[in-house]
Amino acid sequence: MPELPEVETVVRSLAGELAGRRVVRVLLRERRLRGGVARDFAARLEGRCIDRLARRGKYLLAWLDDGAVLLVHLGMTGQLTIAPPSRPDRVHDHVVITLDDGRLLTFNDARRFGRVAVVAGDALGEEAGEGVDPLADGFTAEALFRLTRRRRTSVKALLMDQRRIAGLGNIYVNEILFHAAVRPGRRAGRLARAECERLVAVTRRVLAAAIERGGSSISDYRDGLGRAGDFQSHHHVYDRAGEPCRRCGTAIRSRVHAGRSSFYCPRCQR
Ligand SMILES: [Zn+2]
């Protein structure tokens, strides 16, 4: 499912296409997306100009010229893509936005865990979460060290807790913990300061590398122009149970923590 690098890739692929465009018409075919789509969704978008795109955690934000924000969360299978006016309707095209140049911005989501909403700019915190973005300046070793103190939960669960750190999910947390040489099940409160330093540095590096490769396309994920990412072929541990560690050759292990699979190298990670 899409995480920070995938959402960032969508933002970058659409930023130049959408900036300055006006929304002419909004066709809402399915209200049963995550949280339900508000009755006034189309009315709040139609006629508005899109100023710029941004990202917050796993949310794509399109700032509108009246100060409101179109929020899009891709959930598990969501795709936000732009296409020529001639594109035929596809199954699961739940929201179709016609722009002033005739092109269509479409939200397609087979499993409907995604979310679309128009919210006031000053309500972003409560609508899109207050967790620190791991690519923002506020994500420092000191900040992570403080977040982990007295936490009995695993370091993996802590890194995936969107209320604290926004944007990481199961794929990238497994990859980050491998590169930081930390086992997923380690108790967060037991991390040393030096390990937090390593985790912060590795997080930035792994996310940057993933963004450079257009994210990971494991199932449905595509960028804003419909292109698949390529980072899945560079994963070191995620979904590689039984395969040899790329660093030491030991078989990668998999274990279920809190309903999600963890993947790690028993030799490289302590
Ligand atoms: Zn290894």
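What to note about this one:
- When residue 216 is tested against (1) within 16 Å of residue 170 (Cβ to Cβ); (2) within 16 Å of the ligand (Cβ to nearest atom), exactly one condition is not met: (2).
- All positions within segment 138-153 that are in a helix (DSSP H, G or I) and surrounded by fewer than 18 Cβ atoms within 10 Å (Cβ to Cβ): 141, 142, 143, 146
- Only listed residue being open to solvent by 20 Å² or more (accessible area, probe 1.4 Å) and touching a Ser or Thr at 6+ places or on another chain (Cβ under 9 Å), chosen from 12, 87, 44, 34: 87
- Top-ranked residue of segment 241-270 - restricted to ones that are assigned to a strand (DSSP E or B) and within 11 Å of the ligand (Cβ to nearest atom), ranked as nearest to residue 154 (Cα to Cα): 264
- Matching residues, segment 170-188, being open to solvent by 10 Å² or more (accessible area, probe 1.4 Å) and not in a helix (DSSP H, G or I): 181, 183, 185, 186, 187
- Qualifying residue in segment 154-169 (condition: surrounded by fewer than 20 Cβ atoms within 10 Å (Cβ to Cβ), outside any strand (DSSP E or B), over 22 Å from the mean Cα position of the chain (by Cα) and among the small types (Gly, Ala, Ser)): no
- If the condition is being more than 16 Å from residue 226 (Cβ to Cβ), in a loop (DSSP other than H, G, I, E, B) and touching a Leu at 6+ places or on another chain (Cβ under 9 Å), then segment 1-45 contributes 1, 3, 19, 21, 37.
- Residue list for segment 51-98, restricted to those being of a type in the set (Lys, Arg), in contact with a strand residue (DSSP E or B) (Cβ under 7 Å, 6 or more places away or on another chain) and in a strand (DSSP E or B): 52, 55
- When the residues of segment 206-246 are filtered to those that are among the acidic types (Asp, Glu) and farther than 21 Å from residue 263 by Cα, the one that is most open to solvent (accessible area, probe 1.4 Å) is 212.
- Residues of segment 59-84 that are in contact with a Gly (Cβ under 6 Å, 6 or more places away or on another chain) and open to solvent by 30 Å² or more (accessible area, probe 1.4 Å): 67 alone.
The values are calculated or read from the model by the stated rules, or taken from the named source; none is laboratory data. The structure presented is a predicted model; accordingly, all values stated were derived computationally and were not measured. In this analysis, Cβ positions are derived from the backbone assuming ideal geometry, glycine residues included, and neighbour counts consider all displayed protein chains. Side chains are part of the model used for accessible areas, which takes the heavy atoms of the whole protein and leaves out ligands, DNA and RNA. Shrake-Rupley method; radii C 1.70, N 1.55, O 1.52, S 1.80 Å.
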